[in-house]
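See below for the structure under consideration.
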Amino acid sequence: MRGVVVLALILLVVFPFLPFSYALAVLTDVLIFGLFAMSLDLLLGYTGLVSFGHAAFFGIGAYVAGIVGIHVGPQIYLTLPAALASAALAALVIGYFSIRTTGVYFLMLTLAFSQMVYAAAFKAPFTGASNGLAGIPRPTLGGGFGFADSTAFYYLVLALVLLSYWIMARLVAAPFGKSLRGIKENESRMRAVGYNVQRYKLAAFVIAGAFAGLAGALRAQFNFFVAPDTLYWTTSGIVLVMVIIGGAGTLVGAALGAGLVQVLQNLISSYTERWPLLLGAIFILFVLYAPKGMMGMVDQLNNKALHVSTLARSNVPTRDDDGRLGG
Amino acid sequence: MASVQLTRRDFLKAMAIGAGALTVGPLLQACAPAAPSGGTPLKIGVVLPYSKVYAQLGDSITKGMQLYFDSVNNMAGGRPITLIKEDEENDPQVALTKTRKLIEQDKVDLFTGVVATPVVYALRDLLDSTKTISLISNAGGNDLTRKRKSPYIFRTSFTSWQVASPLGPWVYQNVAKSVMIVAADYGFGHESADAFKETFTKAGGTIVGELYPPFPSTDFGAFLPKIAAAKPPAIYSFFSGSDAVNFIKQFADYGLGKDIQITGSGFLVEQDVLPAEGMAANGAYSTLHWALTLDNAENKKFVADYKTKFNATADVFALQGYDTARVIVEALNAVKGDTSNKDNLLQAIRAVKFNSPRGPFVFDQTTQNVNQYIYYRQVRDAGGGQLQNAVLGKTDQPVVDPGA
Amino acid sequence: MTSDTLSFVAIQFLNGLAYSLLLFLLAAGLSLIFGMMDVVNLAHGSFFLIGTYVGLTIVRVTGNFWLALIVTPLLVGALGLLVERSLIRTLYDRSPLDQVLLTFGLAFILMDLAKWVWGADVLALPAPDFLTGSVLLLGGQFPRYRLFVIVAGLALAAALYYLNEHTSFGAVIRAGVADREMVSGLGINIARVFSMVFAVGIGLAALSGVVAGPIYSAFPGLDFQVLITTLIVVVVGGMGTYKGSFFGSLLIGEVQTFGQALFPDLALFLIFALMAAILLIKPAGLFGREAMD
């Protein structure tokens, strides 16, 4: 198992040296969306908050990184923190109001807020209004070193995404994460036991928003451009789809889902004009046959493999490293 | 999903799967259909919307290109032409991804397309930094050939200013001394309105009011009574696509057509939307760089050939595709198919001059936008409810976009 | 108030009313489906658009608008039934996430099928001749067709109200919305009721599509534009209640109309701000039952 991980990580690291410059661009995009999707998974899969307005933070991060980069300076210690902070602040405000509702009403309220942000970005002159904001610079590190080169930028994205994943993974493994899961499973019970549920929800919302903002900033810098559609509800919808398809509540599932959906969308539309039909059919097939998403499928395959291998070995039930009964 | 304890093993497993899938995915995508690389075929990357709201326009432009390429047996500069089409879905981010693919993977020799202005602005930096020679066949945002111009980007279509500004003085002289402006509330709508305002007021006209319905809109019911209340003798309007259809129809529904003359940017009443607008559009004045009924040999041939090949009525978008294709062919012929010398190719494109169905076609040497006559048109019933834009006249000189 | 202002307000009120009633037909269907089956049907706008397309095809072939008005909801409702039996049925005990994914996927499929069949051009659905043009009303010109929409819409609203309050079918619906298990326990074939409800909801959406056709035309993208407004109405009004759909539509329709007339710059922002405000004060909507945990 360790070998596979190392191999995969090596692959990610050496990818730029392979002769696939277009694939590198796609991979960069996939990593960015992976981060975006993982941040939503924190809300969705762990806290049980189904947000239909996550694009708001993605977009705010993107616009702030763009505006700061153009008007203040492209230094990385200016643009990224500004984007993160703005997204977190927005999440604080929007979250504070949104968590007063639950279920479908929460869904719609988050949608409402993100549409308001969209409307503002569409009209405001300093965002480039409907034409979008162009000429966004790549971040610089000072001393003349910048990330204009696609390989350099890829490594920046890879590093930040891996770091973010690590932080989120630690969070969900820690008591904080366990509390979130408790809230997802039974909110009233958590309340009865004495947890300040609203505070936990808000914290999750802000953290998720911050990471989404980081993803947005990276995207704006990647494309040198951001358009209001980044904030439109269809973006919130597609990232939601990514998390569900990948498998909610697993973090990595979200990243996988992001990869799959991005690749599918681009690949299929290159082959045929009928791509919405195929994409829609794939979504439906997932709901019908892979309800736990891609991670669910992986788990199933894994269990089958475990089952087969232990059957082959002996009849005596043994426990494997994780304490699970095999055989 | 049952709560999972994130053990170290799970963590590693997850990372492995994640990393693996993330790398395999893009590799898979890189295997998307790519044209044969290297060798003789001339690869032209086409990024147009083939789905969602502007699909009709993407379709027309493509048909126009195909029509011309077929007429020269699909050869340019002695090389066979291969079109690699990608759907931009009217989304700037998607367009960026597709354009990257065309440039980095398919290694196209030329780039063309783009319907919507925000999309072209998203692509501009990428095209410029990769020195990809591009012929934009629709997006008319002024800045593309002004503040944001690039030596590698040409525009074969129009600028919003070019199309709208000649209408100002003409309306003042022939239609009304005061006008109300009603335009879609986004970049292009405002540009169009501003251009008209400028020349109309300079000629002595008064603007009695300005309305900017949200973009997109399906229901103009809230705005139409306002127009009625202001009682302007005429309106200047810009909408396109479904907005244009609904606006024109609802304008008639509210009885405004009786006392208020419709004038506007040609897209308001072009052939793509006239069938759905029906008699509500009858009599509307507009300016555009082309009209179906233009009386010259090239246009008659173009319209007839288009009808024969596609069993459809040509529109200005098809015309733009047709001319773009011709530019490509003429330029490639001039350099004898050699795309390796970019400077030569750029010069050849700049030097292209021919008689297009829209009249004389030539690139402005500074802005690389097309200099062209603009026609004054009126929607008329050609018989049996078939609406067409009749040509009433044209500008004295070809209209040159100021470029600044 | 001067007579001009009065006339302006009156005309705008009528505008809003016509718009509200179109929204009502859509919202009623969506609200019903959610209230009864807890399913958020993101493909609702797609059925609306298909209704417009089917309607205009019938008008083209037969030249009869009224025929289209009657036949379209039946045809599309039947399609809805098919969809319910094959796909929606799997969602009843599933999480809202699965519903989002499935109905989203369905919306994509329907959108593409519609484009395949009817093409990408904007298509017009002509109103019957005697309903075209405008009449002088309250000092201004008002389209005859929108008057028809108001009249027909109110009639339908009344019919649905009667159905809801005074028939056993309506009773079953209301009971099912309140407590599904109970209804099942009373021996009623809940699966069949669900199918009927979904089909009716879809039929209403398609009907709305035909009625809206002469005003909105048909084009790719209309489905999603309409969906969002419908969702707002249903949530603001309160999911699953008839009163909610009706008054929600009225509120949103009038606010949207007056908003556009008075503050066009803020129009888009305004409607979402309103929805947010209402949800914050009454989290289950104006007439909705309290959201369950």
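The values are calculated or read from the model by the stated rules, or taken from the named source; none is laboratory data. Note that this is a predicted model, so its numbers are computed, not measured. Cβ atoms come from the backbone with ideal geometry, glycine included; neighbour counts cover every protein chain shown.
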Residue list for region B:341-383, filter: of a type in the set (A, V, I, L, M, F, W, C) and part of a strand (DSSP E or B): B:354, B:361, B:362, B:363, B:370, B:379
I'd like the full set of residues that are over 29 Å from residue B:125 (Cα atoms) and of a type in the set (Ser, Thr, Tyr), limited to region A:96-150. A:96, A:98, A:101, A:102, A:105, A:110
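Every residue, every condition in (1) surrounded by 17 or more Cβ atoms within 10 Å (Cβ to Cβ); (2) assigned to a strand (DSSP E or B); (3) polar (S, T, N, Q); (4) more than 11 Å from chain A (Cβ to nearest Cβ), yes or no:
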{"residue": "C:48", "(1), (2), (3), (4)": "yes, no, no, yes"}
{"residue": "C:70", "(1), (2), (3), (4)": "no, no, no, yes"}
{"residue": "C:79", "(1), (2), (3), (4)": "yes, no, no, yes"}
{"residue": "C:99", "(1), (2), (3), (4)": "yes, no, yes, no"}
{"residue": "C:136", "(1), (2), (3), (4)": "no, yes, no, yes"}
Does region B:236-269 hold any residues that are surrounded by 23 or more Cβ atoms within 10 Å (Cβ to Cβ) and among the acidic types (Asp, Glu), and which are they? B:243, B:253
Name the residues in region B:110-130 that are modelled with pLDDT under 95, over 15 Å from the mean Cα position of the chain (by Cα) and not in a helix (DSSP H, G or I), would you? B:130
Need the failing condition index for residue C:170 against (1) surrounded by 14 or more Cβ atoms within 10 Å (Cβ to Cβ); (2) free of Cβ contacts under 8 Å to residues at least 12 places away in the same chain; (3) at the interface with another protein chain (Cβ under 10 Å from one of its Cβ atoms), just the number. (3)
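Restricting to region B:188-222, what's the tally of residues that are not in a helix (DSSP H, G or I) and not β-branched (Val, Ile, Thr)?
Of the residues in region B:188-222, 16 are not in a helix (DSSP H, G or I) and not β-branched (Val, Ile, Thr).
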Is it fair to say residue B:144 is surrounded by 24 or more Cβ atoms within 10 Å (Cβ to Cβ) and over 13 Å from residue B:46 (Cα atoms)? yes
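Residue-wise test of (1) farther than 29 Å from residue B:245 by Cβ; (2) small (Gly, Ala, Ser).
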{"position": "B:120", "(1), (2)": "no, no"}
{"position": "B:130", "(1), (2)": "yes, no"}
{"position": "B:141", "(1), (2)": "no, yes"}
{"position": "B:170", "(1), (2)": "no, no"}
Can you pull out every residue in region B:119-141 that is in contact with a Pro (Cβ under 9 Å, 6 or more places away or on another chain) and over 22 Å from residue B:64 (Cα atoms)? B:121, B:122, B:123, B:128, B:131
Only one of C:245, C:249, C:195, C:208 is touching a residue at least 12 places away in the same chain (Cβ under 8 Å) and touching an Asp or Glu at 6+ places or on another chain (Cβ under 7 Å). Can you tell me which? C:195
Please work out if residue A:89 is in contact with a Lys or Arg (Cβ under 9 Å, 6 or more places away or on another chain), closer than 21 Å to residue A:199 by Cα and not hydroxyl-bearing (Ser, Thr, Tyr). no
Of (1) in contact with a strand residue (DSSP E or B) (Cβ under 7 Å, 6 or more places away or on another chain); (2) at positive phi, residue B:278 satisfies every one except (1)
In region B:69-103, what residues are part of a helix (DSSP H, G or I) and surrounded by fewer than 20 Cβ atoms within 10 Å (Cβ to Cβ)? B:70, B:71
Inside region B:29-51, can you point out the residues that are at pLDDT 80 or above and within 14 Å of another protein chain (Cβ to nearest Cβ)? B:45, B:46, B:47, B:48, B:49, B:50, B:51
When region B:308-330 is checked residue by residue, the ones that are in contact (Cβ under 8 Å) with a residue 60 or more places away in the chain and among the hydrophobic types (A, V, I, L, M, F, W, C) are B:310, B:312, B:314, B:317, B:318, B:319, B:325, B:327, B:328, B:329
Considering every residue within region A:251-259, establish whether at least one is buried (at least 22 other Cβ atoms within 10 Å of the Cβ), within 11 Å of chain C (Cβ to nearest Cβ) and not in a helix (DSSP H, G or I). no
Starting from residues that are away from every other protein chain (no Cβ under 14 Å) and not hydrophobic (A, V, I, L, M, F, W, C), keep the ones in region C:184-233 and report whichever is nearest to residue C:147 (Cα to Cα). C:203
Pick from region A:12-30 the residues that are in contact (Cβ under 8 Å) with a residue 24 or more places away in the chain and facing another protein chain (nearest Cβ under 7 Å): which of them is nearest to residue A:261 (Cα to Cα)? A:30
Is one or more of the residues making up region C:234-244 buried (at least 22 other Cβ atoms within 10 Å of the Cβ), more than 9 Å from every other protein chain (Cβ to nearest Cβ), of a type outside the set (A, V, I, L, M, F, W, C) and under 28 Å from residue C:132 (Cα atoms)? no
Can you work out which of the residues in region A:266-281 that are at the interface with chain C (Cβ under 7 Å from one of its Cβ atoms) and hydrophobic (A, V, I, L, M, F, W, C) is nearest to residue C:102 (Cα to Cα)? A:281
Among the residues that make up region C:253-272, is at least one of them over 29 Å from residue C:111 (Cβ atoms), surrounded by fewer than 17 Cβ atoms within 10 Å (Cβ to Cβ), of a type in the set (Asp, Glu) and away from every other protein chain (no Cβ under 13 Å)? no
Residue by residue through region A:96-120, note down the ones that are facing chain C (nearest Cβ under 7 Å) and not in a helix (DSSP H, G or I). A:100, A:101, A:102
Criterion first (at pLDDT below 95, closer than 15 Å to residue C:264 by Cβ and among the hydrophobic types (A, V, I, L, M, F, W, C)) does residue B:247 satisfy it? no
All but one of (1) at the interface with chain B (Cβ under 10 Å from one of its Cβ atoms); (2) buried (at least 24 other Cβ atoms within 10 Å of the Cβ); (3) under 26 Å from residue A:131 (Cα atoms) hold for residue A:234, so report the exception by its number. (2)
Residue A:37 vs (1) buried (at least 24 other Cβ atoms within 10 Å of the Cβ); (2) hydrophobic (A, V, I, L, M, F, W, C); (3) within 11 Å of chain B (Cβ to nearest Cβ): all pass except (3)
Please indicate, with yes or no, whether at least one residue in region B:256-275 is β-branched (Val, Ile, Thr), assigned to a strand (DSSP E or B) and in contact with a Phe, Trp or Tyr (Cβ under 8 Å, 6 or more places away or on another chain). yes
Pick out the one residue from B:56, B:66 that is within 14 Å of chain C (Cβ to nearest Cβ), out of contact with any helix residue (DSSP H, G or I) (no Cβ under 7 Å at 6 or more places or on another chain) and not β-branched (Val, Ile, Thr). B:56
